[in-house]
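K.L.:
Dumping the structure here so I can ask a few things about it.
The values are calculated or read from the model by the stated rules, or taken from the named source; none is laboratory data. Everything quoted here is computed from the prediction, not taken from an experiment. For neighbour counting, all protein chains shown are included, and Cβ atoms are generated from backbone atoms with ideal geometry for every residue, glycine included. Keep in mind that these areas ignore ligands, DNA and RNA; they rest on the heavy atoms of the full protein, side chains included. Shrake-Rupley method; radii C 1.70, N 1.55, O 1.52, S 1.80 Å.
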Amino acid sequence: MVNVTSESKYMDLLNEFPLLKTDLVRLNPKFTFLVTQMGKISLWEANLEEVSERAEMSVDETVSLFQELIDSY
């Protein structure tokens, strides 16, 4: 089981759980930027705290969403 935190790297999670890309957008359209080429480049080293800022969500909401999705796989 993966423990998701605000310091978890977005690309590490995406590489380990490729379904995250489509599931995040399906659950929250604010994550659409994550699947664009520019989003991938600009967030290559981003942690979930930085991702939450881009998605205009709280860090806790973002971490919870990622954790719930990963737990469902």
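K.L.:
As a check on your grasp of the helix formula, calculate [θ] at 222 nm for the chain: sum -39500 (n - 2.57) over DSSP H runs of n ≥ 4, divide by the residue count, round to the nearest 500. Write down the numbers at each step before the final one.
P.N.:
Numbers: 5 runs with 42 residues, N = 73.
Calculated at 222 nm, the ellipticity per residue is -16000 deg cm²/dmol.
K.L.:
Cβ under 10 Å from residue 47's Cβ, residue 47 left aside: what net charge do those residues give with Lys, Arg +1 and Asp, Glu -1? Don't jump to the answer; show the numbers that get you there.
P.N.:
Numbers: positive: 9; negative: 7, 12, 45, 49, 50.
Once all neighbours under 10 Å are counted, the net charge is -4.
K.L.:
Semi-axes, largest first, in whole Å: what does sqrt of 5 times each Cα gyration tensor eigenvalue give for the chain? Can you show the working numbers first?
P.N.:
Working: eigenvalues 49, 34, 31 Å².
Each semi-axis is √(5λ); the values are 16, 13, 12 Å.
K.L.:
In addition: Tell me, what is the FRET efficiency for residue 36 and residue 3 to the nearest 0.05, using R0 = 22 angstrom and their Cβ-Cβ distance as r? All intermediate terms of the calculation are to be shown ahead of the outcome.
P.N.:
Numbers: r = 28 Å, r/R0 = 1.27.
Plugging the Cβ-Cβ distance into 1/(1 + (r/R0)^6) gives 0.20.
K.L.:
What is the extension gain from residue 49 to residue 16, computed as 0.36 nm multiplied by their sequence separation minus the C-alpha to C-alpha distance, in nm to one decimal? Before the final figure, lay out the partial values.
P.N.:
Working: separation 33, 0.36 × 33 = 11.88 nm, distance 1.87 nm.
Computed gain between residue 49 and residue 16 is 10.0 nm.
K.L.:
What's the carbon and sulfur percent of the chain's accessible surface, probe 1.4 angstrom, rounded to a whole number?
P.N.:
Values: 2360 of 4400 Å².
After summing per-atom areas, the C and S share lands at 54 percent.
K.L.:
Amide H neighbours of residue 47 under 5 Å, counting only residues 5+ apart in sequence or on other chains, H built in-plane at 1.01 Å?
P.N.:
Amide H to amide H, under 5 Å and 5 or more residues apart or across chains, residue 47 pairs with 10.
K.L.:
Might you tell me the accessible area per residue for the chain, computed with a 1.4 Å probe and given in Å²?
P.N.:
Dividing the accessible area of the chain by its residue count gives 60 Å².
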